[in-house]
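Comments concern the structure below.
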Amino acid sequence: MNEKFNEFLKANLPQAPSFHPYYNEALSLMLLAGGKHFRASLLLGVVNALNPALTDTAMRVALGVELMHTYSLIHDDLPAMDNAAFRRGVATIHEKFDETTAILVGDALNTHAFYEISRADLSAQIRIKCVEILSKNAGVNGMVLGQALDCYFEKKPLNLEQLKFLHLHKTGKLIAASLQMGALIAGVKNTDEIYDLGLKLGLAFQIQDDIIDATKSSQDVGKPVCNDTDKNSFTNLLGIEGAKSSKDELINEILNKCKSLDSGIYKVIQTLIQKHLKG
């Protein structure tokens, strides 16, 4: 599934030919640099498990999710935020080109996400609902709120409940939205349960990211590590072993909750947990 999405992504990169010397190249830099495509894989995996005939049709919505996620990384790496020199093993856009270009490319990918969803070969009702879900979870009360909290409370310690709130928004909501949109496209009438499952999955994903930051080298992960020493992270609050224990508890909760859903969804989530959240 991931290979098929990669092919679709490369065939549908955003293009803006002009006399600007590098804007068009910058649009695709982070998209071509790789990445796990975790959110797109969740969306497509759910569709493929529940209604495989619609998997190809869902590709454009999955692309919209990937564009939204990539915009968030580009802005997260900016000097005003994390000031990261590289991401996905390549120089960040503000390092390779300039900060203005990085801001504008992030803006462009954000809005282009909705353009791609609007073009999906789905009913107008489903497309509008996908736009609603993505904008709600990525915007004002979603991912952006999480990022605002993360930036403001750097060097200001939070308690565990506050930290969970922060990362349920910054990381969890886009992952939950990906699952929810996949279920919606596949024809599930009530997507609340799978959305709640996605929030837990997002929290586990963030804990794993914090563990990687504290224990792996930059060469291993393709981005700066030990970058969270001044941030509110699960490893800073709970210690590495405490964070691992918390992640394992969440994984068990997720897999137990999955058992009440379609067996295909259970298999999709189990496979992605094994690939991205173990170790």
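In this structure, is Leu63 open to solvent by less than 10 Å² (accessible area, probe 1.4 Å) and in a helix (DSSP H, G or I)? Criteria met by Leu63. One residue alone among Ile103, Ile117 is of a type in the set (A, V, I, L, M, F, W, C), open to solvent by less than 30 Å² (accessible area, probe 1.4 Å), within 24 Å of Thr171 (Cβ to Cβ) and in a helix (DSSP H, G or I), and that residue is Ile117. Return the total of residues in region 1-35 being assigned to a loop (DSSP other than H, G, I, E, B) and more than 15 Å from Tyr71 (Cα to Cα). Residues in region 1-35 being assigned to a loop (DSSP other than H, G, I, E, B) and more than 15 Å from Tyr71 (Cα to Cα): 10 in total.
Could you count how many residues in region 218-239 are modelled with pLDDT under 80 and either outside any loop (DSSP other than H, G, I, E, B) or open to solvent by less than 40 Å² (accessible area, probe 1.4 Å) (or both)? Residues meeting the conditions: 8.
Is it the case that region 43-57 has a residue that's crowded, with 16+ Cβ neighbours inside 10 Å, at pLDDT 95 or above and acidic (Asp, Glu)? Checked region 43-57: no residue is crowded, with 16+ Cβ neighbours inside 10 Å, at pLDDT 95 or above and acidic (Asp, Glu). For region 44-72, a residue qualifies if it is over 9 Å from the mean Cα position of the chain (by Cα) and over 16 Å from Arg119 (Cβ atoms), and the qualifying residues are Leu44, Gly45, Val46, Val47, Asn48, Ala49, Leu50, Asn51, Pro52, Ala53, Thr55, Tyr71.
Of all residues in region 132-163, exactly one satisfies the criterion of being of a type in the set (A, V, I, L, M, F, W, C) and open to solvent by 90 Å² or more (accessible area, probe 1.4 Å), namely Val140. Scanning region 66-100 for residues that are part of a helix (DSSP H, G or I), open to solvent by less than 50 Å² (accessible area, probe 1.4 Å) and not small (Gly, Ala, Ser) yields Glu66, Leu67, Met68, His69, Thr70, Tyr71, Leu73, Ile74, His75, Asp76, Ile93, His94. In the set (1) in contact (Cβ under 8 Å) with a residue 24 or more places away in the chain; (2) open to solvent by 50 Å² or more (accessible area, probe 1.4 Å); (3) not small (Gly, Ala, Ser), Pro21 fails one condition alone, (1).
The values are calculated or read from the model by the stated rules, or taken from the named source; none is laboratory data. All values reported here derive from a predicted model rather than from experimental measurement. Note: ideal-geometry Cβ built from the backbone for every residue, glycine included; neighbour counts use all protein chains shown. These accessible areas exclude ligands, DNA and RNA; they are computed on the full protein's heavy atoms, side chains included. Shrake-Rupley method; radii C 1.70, N 1.55, O 1.52, S 1.80 Å.
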